[in-house]
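Heads up: the structure comes next, in structure tokens.
The values are calculated or read from the model by the stated rules, or taken from the named source; none is laboratory data. Note that this is a predicted model, so its numbers are computed, not measured. Note that we place each Cβ from the backbone using ideal geometry, even for glycine, and neighbour counts take in every protein chain shown.
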Amino acid sequence: MNKGISFFNLSINKILTKEQSALDKARIRLLYYGFWIVGVAVAGLFTSVYFQRQTLLSITAGILFISFLGLFKYLTYRPNSKQISHILLIIGSIVNINTIFIALQKVDIITVQVLLLIVLFSYYMLGQGWGLFYSLLNLIPVMVFLVIFYFNGYFISLPPETIDQSTTIIGVFTNFILIVYIHSHFYGAFLNNIEELKATGDNQQRLNKEIGLAMQKAEESSRIKSDFLATMSHEIRTPLNAIIGMSNVMLMNNPRKDQKENLDVLKLSGNSLMAIVNDVLDFNKIESGQLVFEKKKFNLFELVQSVCAAEKLKAEEKGLIFSLKVDPILNNKLLIGDPVRLGQVLFNLISNAIKFTSEGTIWVRASYYEYNDLLTVNFVVKDTGIGMNQTHLDSIFEPFTQESITTTRRYGGTGMGLAIVKRLLELQGLQMNVTSKLGKGSEFSFSMEFQVAEIVQPGVLLQEPDSLASLKMLIAEDNPVNVLLMQKLLSKWHIVPVIAGNGEEAVEMTKMDDFDIILMDLQMPVMNGFDAAIAIRRLPDARKAGTPIIALSAAAMTDIGDQITVAGMNDYVSKPFKPNDLLEKIQTLVAAVH
């Protein structure tokens with residue numbers, strides 16, 4: 001509705017707007033031009049009955065004429081078609097009933113036409129519900145009048161008025177014009193509406209086609225981005241594998257104190273870079289809906305201790321007090337869940353707390369909460385760092401965002417850690433609780449439920465075994481640096497591996513010799529690791545075909561677990577890996593075969 005219309009406006013063009021539907025415009029036009037037709041007709045009727053000295057009809061016609069003038073002015077000032085239609089129908093109903101029961105005391109062609117006009121007008125202007133209401137409001141009194149008139153004759157003390165033939169002609173003619181006009185007007189409006197709907201449908205089809213093409217481009221762009229990230233991951237992880245791996249090997253050689261300090265810095269830098277790479281890749285997995293949570297058995301006590309071990313060193317280097325407390329009841333429970341993702345959440349929270357704390361204490365708590373069918377653990381990471389304003393609490397969970405640009409410049413980081421934490425928890429139906437006070441510190445907490453597998457004794461770290469010297473191992477690896485790294489690492493466990501430069505060589509060597517285990521790189525020339533594993537599983541010699549295979553790869557493919565299962569490989573280790581993780585998998589698989 002155009003509220004800028006002048007009170008003195010009489011033009012229909014100023015009360016029609018683009019926002020109105022075709023049907024609303026048709027209703028306003030019907031009222032506007034209908035008032036002109038009815039106004040002329042009522043003026044003629046008033047003149048006719050007035051000179052016939054029909055007092056009641058003259059008063060009725062006069063009131064109608066004044067009412068129509070007032071409603072016409074209201075329409076051109078505030079075009080509320082529904083409100084005006086209700087008023088007209090109420091007036092029409094009162095006039096019709098008054099004419100039948102009082103003025104004429106009969107049902108004639110004019111009253112029937114008025115009744116028909118009320119039915120048509122109410123349905124077209126107000127819809128089915130109100131149309132039925134006003135139709136019954138007028139039909140029922142008319143039927144009651146006819147029944148009374150038929151059985152007893154209708155009689156009241158006031159004598160009926162009579163109208164001459166000219167008045168009847170004017171009334172009948174006017175009513176017919178209005179009936180034809182209403183039908184004609186709305187028929188045209190409905191045709192226009194159908195044409196508009198067809199045009200809208202055609203536009204919708206065109207838009208759907210454009211949207212479909214846009215979605216295809218978006219999906220293709222997403223696929224290209226994922227492929228790019230996977231490729232970049234492989235290219236970055238490969239040298240990082242050598243950097244971190246060689247650091248581990250050199251640390252195993254009992255270096256001098258100054259050498260150990262240098263190696264620790266080298267290893268810490270490599271791990272920091274790896275954490276950034278993992279954040280980017282994990283965020284991409286989460287946003288593309290490709291992240292799948294595992295259901296594995298793990299010891300929560302050992303997981304928390306492992307995550308906190310390196311972070312405790314970082315905190316102490318900054319002069320911070322690092323306080324870790326795990327509920328003793330959790331020490332010997334084997335839980336079922338995703339230890340990798342839980343460890344990632346804890347690592348990001350603890351790392352964040354240390355980053356933004358220059359003095360004071362870092363608290364990490366894992367508390368037993370309740371145990372019915374599921375065991376609930378409450379995790380808390382608290383610090384005495386810079387804290388935040390309440391207005392900034394929501395923004396810190398947005399990707400690539402920190403509290404302010406000053407914070408980013410001073411403390412560094414990608415701004416993805418907390419975004420990943422929030423998404424990982426949300427995907428599991430969990431919520432992060434945050435309390436913080438500027439200059440006083442922050443507290444992050446969440447609760448997680450686990451199935452309990454069985455009671456176990458606290459685990460011990462694997463020791464460097466002397467019993468693996470007789471192990472026959474085949475390594476399929478095309479990168480010379482990685483080959484050197486593996487040889488040096490395995491020498492610490494007294495293993496001398498056989499090296500295959502690609503997948504095809506690995507298959508041929510397996511045919512020629514008996515190996516206890518195979519470490520298979522996935523991306524190699526000539527034949528990749530997947531095809532090589534499939535070929536080995538198809539060897540006619542059952543023992544050779546059943547040789548345990550551990551996949552090694554620096555790639556970041558989201559469906560790696562499914563692919564190695566289809567290829568028949570037994571397990572997977574991502575580069576760069578922790579030596580103890582690899583050793584544990586080797587021992588487990590070899591023990592299972594023998």
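Worth a mention:
- Some residue of the range 214-227 being within 32 Å of the chain's Cα centre (by Cα), farther than 23 Å from V112 by Cβ and assigned by TED's automatic domain parsing to the domain that holds L56: no
- Yes/no for G34 being assigned by TED's automatic domain parsing to the domain that holds T168, over 30 Å from V147 (Cα atoms), small (G, A, S) and exposed (fewer than 14 other Cβ atoms within 10 Å of the Cβ): no
- Residues satisfying the stated conditions in the range 314-340, i.e. surrounded by fewer than 19 Cβ atoms within 10 Å (Cβ to Cβ) and either in contact (Cβ under 8 Å) with a residue 60 or more places away in the chain or part of a strand (DSSP E or B) (or both): I321, S323, L324, K325, N331, N332, L334, I336
- Checked across the range 104-121, the condition of being touching a His at 6+ places or on another chain (Cβ under 8 Å) and under 24 Å from F186 (Cα atoms) holds for at least one residue.
- Considering N278, N299, the condition of being at pLDDT below 75 and buried (at least 17 other Cβ atoms within 10 Å of the Cβ) is satisfied by N278 alone.
- Among the residues listed as L132, L116, L120, the single one being part of a helix (DSSP H, G or I), more than 16 Å from T168 (Cα to Cα), modelled with pLDDT of 90 or more and out of contact with any Asp or Glu (no Cβ under 7 Å at 6 or more places or on another chain): L132
- Scope the range 319-336; condition modelled with pLDDT of 90 or more and not aliphatic (A, V, I, L, M); matching residues: G319, F322, S323, K325, D327
- Across the range 108-161, the qualifying residues are those that are over 20 Å from L57 (Cβ atoms) and small (G, A, S), and the one among them that is surrounded by the fewest Cβ atoms within 10 Å (Cβ to Cβ) is G153.
- Scanning the range 73-93 for any residue that is crowded, with 20+ Cβ neighbours inside 10 Å and outside any helix (DSSP H, G or I) turns up at least one such residue.
- Taken as a whole, the structure places I536 among residues that are surrounded by 15 or more Cβ atoms within 10 Å (Cβ to Cβ) and modelled with pLDDT of 95 or more.
- Scanning the range 47-66 for any residue that is surrounded by 16 or more Cβ atoms within 10 Å (Cβ to Cβ) and under 60 Å from the mean Cα position of the chain (by Cα) turns up at least one such residue.
- Exactly one residue among I169, I179 is within 16 Å of V114 (Cα to Cα), in a helix (DSSP H, G or I) and either in contact (Cβ under 8 Å) with a residue 24 or more places away in the chain or among the acidic types (D, E) (or both), and that residue is I179.
- Filter result (surrounded by 16 or more Cβ atoms within 10 Å (Cβ to Cβ) and under 24 Å from G360 (Cα atoms)) within the range 422-456: M432, V434, S436, G441, S442, E443, F444, S445, F446
So that you can scan it fast, the table gives a plain yes or no per residue for (1) surrounded by 17 or more Cβ atoms within 10 Å (Cβ to Cβ); (2) at pLDDT 90 or above:
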position	(1), (2)
L342	yes, yes
L349	yes, yes
I354	yes, yes
T361	no, yes
A366	yes, yes
E370	no, no
D373	no, no
V381	yes, yes
E398	no, no
